Amino acid sequence: MDAGCVPEYVLRPVGSVRSPLLSREQCPKQGREGAPDAWLEIDPAFADALDGIEAGSEILVLTWLHQGRRDVLKVNPRGDLARPPRGVFSTRSPDRPNPIGLHRVEVMEVGGPTRLRVRPLEAMDGTPIVDIKPVLPRIEEG
């Protein structure tokens, strides 16, 4: 596909992450690897979209990894130079053509109409939030 013919799409952030993680270097590779609690601060224009989310809910937070490089197509998995490079689509690297982060977290607290405290979240402070989706229960085939 010719890159010159690809349509562009506009994403509007719905909020941002408030976290004690202030740099990429401080961020764990995955949330379960020691990521702290963080707050999701949602733009008041989207407050009604949080209806139904409560403490104990599991959600998927989609972020725009704004410090990710968009020109990277291959990486050494987990930054380990002993491992051979692989295409970014087979990794969770923040460096990729469209640096969208996917974070599965638990809601610990609803702090008013536009704030959620979640854990664990490996995104750094100021990371734009693109969307939030519920984690759906697994339906067993029978």
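Read-outs: derived from the displayed coordinates by stated rules, not from any lab. All figures in this text were calculated on a predicted structure; none of them were measured in a lab.
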Restricting to Cα pairs under 8 Å and 6 or more apart, the percent relative contact order of segment 21-122 works out to 41
With 0.36 nm assigned to each residue of separation and the Cα-Cα distance removed, Leu136 to Asp48 gains 29.7 nm
re segment 50-117: pairs of Cα atoms spaced beyond 13 Å account for a percent value of 69
